[in-house]
1. Can you run phi through the Karplus equation (6.51, -1.76, 1.60; θ = phi - 60°) for the range 49-54 and list ³J(HN,Hα) in whole Hz, with x for Gly and Pro?
2. Using the Karplus curve 6.51 cos²θ - 1.76 cosθ + 1.60 with θ = phi - 60°, work out ³J(HN,Hα) for each residue of the range 124-131 in order, rounded to whole Hz, and write x for Gly and Pro.
Amino acid sequence: MTMDLRNRKRVILFVRIGLIAATIVFVFSWIVGRVSNQVQDKFRDVGVQTQAPTAKTLLPGDVQILTTDGTFDVTLSGDKILAGLSEATVAKVRDEIAKETDKQQTGLGAVIAGAVKSGVSSAIGMHITYALSDIREIRFDAGRLTVVTKDGSTHGLSGDSKSGGNKEKALFSEADAMRLIEAVKSRKNELGLP
């Protein structure tokens, strides 16, 4: 009789986990559906790439620059520009996530925490991409790079970084920014883009 009770408890636990997971998926899908149309209109020129090229894999003419604090990178690779967290920052975040995962947790909280940490760890290296054919120009002003698309919309190529708990603007050096801008102009000429 005690075995039947244990099995029932196990089944109930799995049913609860399944219901919670299904609820999370449903809510997430609903939110994405509501926000998706608004975001698509605003960011139709923007894509996402899961694996950004590393400095070692860049081809001749490709350029990668880092913010002065090393947190973000912007890369000209082939016919697109990619912007996101730098390789070193991604490695640091993944190490911190792995350390947190090692802490002993039990039950449903451990299952949910593991799923969230796994999702964050796999998504942390994503980069936003802009096709060169969609870019009118890249501007540099006071350490910040901005993409201006053909329709006139603007998109910043970096964000904020946290240093000791203080939010600071992630800035590029003028020399690096000008090197990227010149490389983009040259690549657009090579590809016959205006």
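A short reminder: the numbers here are calculations on the coordinates, not readings from a lab. As the structure is a computational prediction, the values presented were derived from the model and not from experiment.
1. 10, 6, 10, 8, x, 8
2. Once rounded to whole Hz, the list reads 5, x, 5, 10, 7, 10, 10, 6.
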